[in-house]
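> Here it is, the structure, as structure tokens.
The values are calculated or read from the model by the stated rules, or taken from the named source; none is laboratory data. It should be emphasised that the depicted structure is a prediction, and the values quoted were computed from it without experimental measurement. Heads up, the Cβs are rebuilt from the backbone with ideal geometry, glycines too, and the neighbour counts pull from every protein chain shown. Note: accessible area is taken over every heavy atom of the protein model, side chains too, but ligands, DNA and RNA are not part of it. Shrake-Rupley method; radii C 1.70, N 1.55, O 1.52, S 1.80 Å.
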Amino acid sequence: MEMKINRSRLFLGSCTALIVTAMTFAIRAGILEKLGVEFELSDTELGYITSMAFLGFPIAMIIGGPLYNTLGPKKIGYIAFFSHIIGLGLTMLSQGFWGLFVSTFFVGFANGMVEAAFNPLIADMFPEKKTTMLNRFHVWFPGGIVIGSLVSQVMSDMSWQSQIGVMLIPTLIYGIIFFGQKFPSHVSDISTSSATNLKAMMSPLYIFMILCMFLTATSELGTTQWVERLLGNAGAEPLLVLALVTGLMAVGRFFAGPIVHKLNPTGLLLASSVIAFIGIYLLSIAEGNMTYVAAIVFAIGVCYFWPTMIGFIAEYIPKSGAFGMSIMGGAGMFATSVFQPIIGSWLDSNREQAKALGLDGQAAELFAGQETLSNITILPAILIVAFAGLFFYIRMKKKKEVAATQTA
């Protein structure tokens with residue numbers, strides 16, 4: 001008797017794997033300070049380490065995406081599983097910069113393979129409700145960050161190795177969930193030919209959106225990855241701030257998904273960039289409980305950046321296909337990778353500036369964090385100008401299309 005495909009179990013395993021991906025992000029943010037102290041690492045060096053997580057991700061997607069048709073989701077899923085085991089294990093055994101550097105790359109690579117395997121798997125399993133199920137799947141990235149943030153907060157007095165070790169539990173769980181299961185054969189209609197995709201991806205509009213993705217992704221992930229270092233002396237619990245931000249994002253994405261699809265994507269991107277700018281600026285001056293208020297504004301600003309950028313590509317450059325959407329996501333992670341050491345160097349230089357002004361201890365750390373957040377406001381400020389231009393460009397384009405239709 002032929003084994004049936006258990007869609008619910010495969011979806012549960014996919015969500016659990018994405019939770020692991022998100023937990024690596026949150027717990028790494030929570031232990032950065034401990035790593036810096038134990039191994040005497042500068043923030044610039046910590047930036048290079050964290051950049052490996054964001055670099056491994058797009059590399060895995062570039063490799064895993066084209067291999068999906070050949071290997072299928074089961075084999076790519078197991079590559080993700082074993083890469084998670086190797087990455088987390090090597091991280092726990094690390095004795096300094098290079099151990100952390102290599103192990104963090106493995107973790108990032110595993111995270112990318114999760115996306116490469118399970119996005120198309122879910123699209124194949126639920127052809128009648130792809131968008132709904134993919135939205136439900138992606139809720140677990142901010143949702144997993146909430147889980148990871150709270151776990152790291154509860155374990156803050158324990159060793160960083162134990163916090164990394166906790167992530168092996170959900171990793172083993174998703175491996176067990178998938179073990180022995182039958183996966184669907186690939187019958188994708190989610191992409192046209194690669195040649196058509198690439199031609200669409202060479203358009204000026206697509207390249208413009210890639211450049212904007214660099215800034216939207218870094219505004220969101222660059223800020224949240226450094227939350228401990230940026231807000232650790234502002235009188236608020238950084239990991240609770242991270243849990244608050246990502247919790248609001250999870251709720252916003254889960255309940256507002258259908259609404260977002262009906263709204264004008266360019267208007268939403270412009271509004272998001274304005275609110276993100278205000279949020280990061282407020283974080284740069286807030287202290288105490290006002291930090292949580294600033295975090296709420298920031299969360300509203302960055303909540304829809306990522307899905308709306310992908311949605312814009314699907315709506316306005318549809319011939320780029322699933323390949324174009326994957327590259328857009330990979331570009332966001334790659335940009336965040338590039339910015340990690342830059343943010344770290346900003347922290348180092350702003351700390352030196354604080355010492356030159358006669359500040360030390362917590363006062364110097366607070367100054368460095370706030371000045372670095374001021375630097376980060378440059379990113380959404382550029383986006384306000386870029387998305388304002390995009391808004392009017394698309395508006396004029398639609399008017400011309402309507403006029404041409406009426407003339408015809």
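> log₁₀ I(q)/I(0) of the range 136-180 at q = 0.26 Å⁻¹, via Debye over equal Cα point scatterers, no solvent, to two decimals?
-0.98
> OK, next. Hey, what do the phi angles of the range 150-158 turn into as Karplus ³J(HN,Hα) couplings, whole Hz, using 6.51/-1.76/1.60 and θ = phi - 60°, x for Gly and Pro?
Listing the rounded values in order: 5, 4, 5, 5, 5, 9, 4, 8, 9 Hz.
> Of the options Ser337, Val274, Trp98, report the single residue whose Cα projects farthest towards the positive end of the charge dipole of the chain (beta-carbon charges: Lys, Arg +1; Asp, Glu -1).
After comparing all options, I get Val274.
> Same structure, new question: Between Met158 and residues 5 or more places away or on another chain, which pairs have amide H atoms under 5 Å apart, with H built 1.01 Å from N, and which residues are they?
none
> Related question: For the chain, set up a GNM with springs between Cα atoms under 10 Å and report which of Ile317, Ile169, Ile327 has the largest fluctuation.
Ile169
> Could I ask something else about it? Along the positive direction of the dipole of the chain (beta-carbon charges: Lys, Arg +1; Asp, Glu -1; about the Cα centre), which of Ala236, Phe178, Val146 reaches farthest?
Phe178
> Same structure, new question: Once the Cβ-Cβ distance between Lys129 and Asn6 is put in as r, and R0 is 22 Å, what FRET efficiency do you end up with, to the nearest 0.05? Each step should come with its number before you reach the end.
On the way: r = 17 Å, r/R0 = 0.79.
Result of the calculation: an efficiency of 0.80.
> Check the straight Cα-Cα distances from Lys319 and name the aspartates and glutamates below 14 Å, setting aside those fewer than 8 residues away within the same chain.
Cα-Cα hits under 14 Å: Asp189.
> Counting helices only, and only those DSSP H runs with n ≥ 4, report the 222 nm mean residue ellipticity of the chain as the sum of -39,500 (n - 2.57) divided by its residues, in deg cm²/dmol to the nearest 500.
Value at 222 nm, helices only, nearest 500: -28000 deg cm²/dmol.
> Then there's this: For the range 94-114, list residues with backbone N below 20 Å from a point placed 7 Å from the Cα of Lys75 toward its Cβ?
Under cut-off, by backbone N: 109-114.
> Now for a different question. Computing the accessible area with a 1.4 Å probe over protein heavy atoms, can you report the carbon and sulfur percentage for the chain? Let's see the in-between values first.
Details: 12010 of 17480 Å².
That share works out to 69 percent.
> How big is the charge dipole of the chain about its Cα centre, in debye rounded to the nearest 20, if each Lys and Arg gets +1 on its Cβ and each Asp and Glu gets -1 on its Cβ? Spell out each step's value before the answer.
Numbers: 23 positive and 22 negative charges, 386 e Å.
Result for the chain is approximately 1860 debye, rounded to the nearest 20.
> Remind me, what semi-axes does the range 1-107 give for its equivalent ellipsoid, largest first in whole Å, using sqrt of 5 times each Cα gyration tensor eigenvalue?
Numbers: eigenvalues 202, 42, 25 Å².
Values for the range 1-107, descending: 32, 14, 11 Å.
> At a Förster distance of 30 Å, what's the computed FRET efficiency of Ser42 paired with Met290, Cβ-Cβ distance as r, to 0.05? Don't jump to the answer; show the numbers that get you there.
Working: r = 30 Å, r/R0 = 0.99.
Efficiency for this residue pair is about 0.50.
> Here is a further query. For a Förster distance of 35 Å, can you work out the FRET efficiency between the beta-carbons of Ile378 and Phe101, rounded to the nearest 0.05?
Working: r = 28 Å, r/R0 = 0.79.
Approximately 0.80, to the nearest 0.05.
> Let me know the whole percent of all Cα-Cα pairs from the range 224-339 that are separated by more than 22 Å. Write out the running numbers ahead of the final one.
Details: 2648 of 6670 pairs.
Result: 40 percent of Cα pairs exceed 22 Å.
> Right, here's the next one. Taking the alpha-carbon distance from Lys4 and a cut-off under 17 Å, which aspartates and glutamates remain once sequence neighbours fewer than 8 residues away in the same chain are dropped?
The qualifying aspartates and glutamates are Asp124.
> Using the Kirkwood radius built from alpha carbon pairs, what does the Stokes-Einstein equation give as D for the range 43-166 at 20 °C and 1.002 mPa s, in µm² per second? Don't jump to the answer; show the numbers that get you there.
Working: Rh = 15.6 Å.
Once the numbers are plugged in, D ends up at 137 µm²/s.
> Hey, what D do you get for the range 331-408 in µm²/s if you plug the Kirkwood alpha-carbon radius into Stokes-Einstein at 10 °C and 1.306 mPa s?
Numbers: Rh = 15.8 Å.
Rounded to a whole number, D works out at 100 µm²/s.
> From the backbone phi of the range 112-118, what are the Karplus-calculated ³J(HN,Hα) couplings (6.51 cos²θ - 1.76 cosθ + 1.60, θ = phi - 60°) in whole Hz, Gly and Pro given as x?
Whole-Hz 3J(HN,Hα) from phi for the range 112-118: x, 5, 4, 5, 5, 7, 9.
> Among Met325, Met155, Met125, which one moves the most in a GNM of the chain with springs linking Cα atoms closer than 10 Å?
Answer for the Gaussian network model of the chain: Met155.
> Another question, then. So what is the relative contact order for the range 200-357, in percent, with contacts set as C-alpha pairs under 8 Å and at least six apart? The partial results should precede the final answer.
On the way: 152 pairs, mean separation 53.9, N = 158.
Relative contact order, the range 200-357: 34 percent.
> Per residue, how much accessible surface does the range 30-174 expose to a 1.4 Å probe? Answer in Å², no decimals. Kindly include the intermediate steps, with their values, before the conclusion.
Numbers: 5740 Å² over 145 residues.
That works out to 40 Å² for each residue.
> Once phi is turned into ³J(HN,Hα) by the Karplus curve 6.51 cos²θ - 1.76 cosθ + 1.60 with θ = phi - 60°, what whole-Hz value does each residue of the range 387-392 show in order, with x for glycine and proline?
6, 5, x, 4, 4, 6
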